[in-house]
1. Using a simple spin-label model with points 7 Å from Cα along the Cα→Cβ vector, what separation in nm is obtained for A:Ile40 and A:His10?
2. Per residue of A:27-33, what is the mean number of Cβ atoms on other protein chains within 10 angstrom of that residue's Cβ?
3. Run the simple label-point estimate for B:Asp76 and B:Ala114 please: 7 Å along Cα→C-beta, distance reported in nm.
4. Within 10 Å of each candidate Cβ there may be at most 11 other Cβ atoms; applying that plus a DSSP loop requirement, which trypsin sites (Lys or Arg not before Pro) in the range B:14-88 survive?
5. At 0.36 nm per residue, and after removing the present C-alpha to C-alpha distance, how many nm does the segment from A:Leu2 to A:Ala113 gain when stretched out fully?
6. Considering every residue in B:58-70, what mean count of other chain Cβ atoms within 10 Å of its Cβ is obtained?
7. Could you check the spin-label model distance between A:Ile97 and A:Tyr143? Points 7 Å from the Cα along Cα→Cβ, value in nm.
8. Under a no-solvent Debye model with one identical scatterer per Cα of the range A:2-62, what's log10 I(q)/I(0) at q = 0.17 Å⁻¹?
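What follows draws every value from the coordinates through simple rules; no lab data is involved. In this text the structure is predicted, and so the values were computed from the model without any measurement. Here Cβ is always computed from backbone atoms with ideal geometry, including for glycine, and neighbour counts include all displayed protein chains.
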Amino acid sequence: MLTVYRQLLHLYPAEYREDFADEMMSVLAEVRDQNANRKIIARIRILLRESAGLVTGALRERFSAFIEMQAELSIGRFTMRNGFRFPKSTIIFMALILAGLVMAIQRGEQIAASPHVNQQIGPIQAVHSTLLPPIVLFLAVFYVLGFVGWAIVFALRRSGVHRLADVSGQPK
Amino acid sequence: MALYDMSREDITETLPLTEPVLLILLSLAGQPQHGYAILKDVERMSSGRVVLSTGTLYGALRRLLDVDWIERFEEDETPRGRQAYRLTPQGRRNLQLEIDRMKHLTRLATLRVATKES
């Protein structure tokens, strides 16, 4: 049982393990010892509960910076303060966007395969060669914007602004 | 009316606390406790309704340490792996704020229900 727990602790970030792994192993050993005389079903349930706790705890620690950043940037319902809770409408929007994309590709293929040639504008040419540079430019711009946004959030975190919510107007 | 006197400034953005966090803070309100003692105390206080896993407990302790609501308590001859924790003054203040908030809510609810019944 402890071997399983020890392996699962490796899922945590190294810094966290350094601070808490010994304590957690000690507590897990106490939990095991205190329940050693219980029925096998009860012990399996405890093993599953502790394992699930370690896995979810490790995931939370791994993504804690991301979750906190999302919480600071959250707007209205699109908050992720309590972990990865998407609004259900996200799935519908994503499905609609995907359907639109598939339809656009199919329509483009139909146009490209069409034998009709407009006399005024000539035959339709493949757009791949002209589409590539704007895509690269588009990605580069958003990459830079994302980096600037991240830098601002990082600077705010470094300045301690994110801790203002915990001060509650009283001196420490 | 006194029930409506609680100003918004008194209510931090961190409130209300989740039940596990509230129980962990209550467990530390009396005296410093180490991890396993907190687990058992939380289970006892909630009459077995809230059973924390070790991963959940230490996730909460890590966050409470980060915001300075609790601190490590150095005991004499502490065996390795039995680190005790205690409330900081800030943690105790915020716990009291949460208790006041809950008292306020309970009194308000009692009053509203009594008014409706009468």
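1. Those two pseudo-labels are separated by 2.8 nm.
2. On the way: counts 13, 6, 2, 9, 6, 0, 1.
What the average comes to for A:27-33 is 5.
3. About 5.2 nm, to one decimal.
4. Numbers: sites: B:Lys40, B:Arg44, B:Arg49, B:Arg62, B:Arg63, B:Arg72, B:Arg80, B:Arg82, B:Arg86; in loops: B:Arg49, B:Arg80, B:Arg82.
Here the sparse-neighbourhood loop sites are B:Arg49, B:Arg80.
5. On the way: separation 111, 0.36 × 111 = 39.96 nm, distance 6.40 nm.
Fully extending the segment from A:Leu2 to A:Ala113 adds 33.6 nm.
6. Details: counts 12, 11, 1, 4, 7, 2, 0, 2, 3, 4, 3, 1, 0.
The per-residue average across the peptide is 4.
7. Each label point is offset 7 Å from its Cα along the Cβ direction, giving 2.0 nm.
8. -0.55
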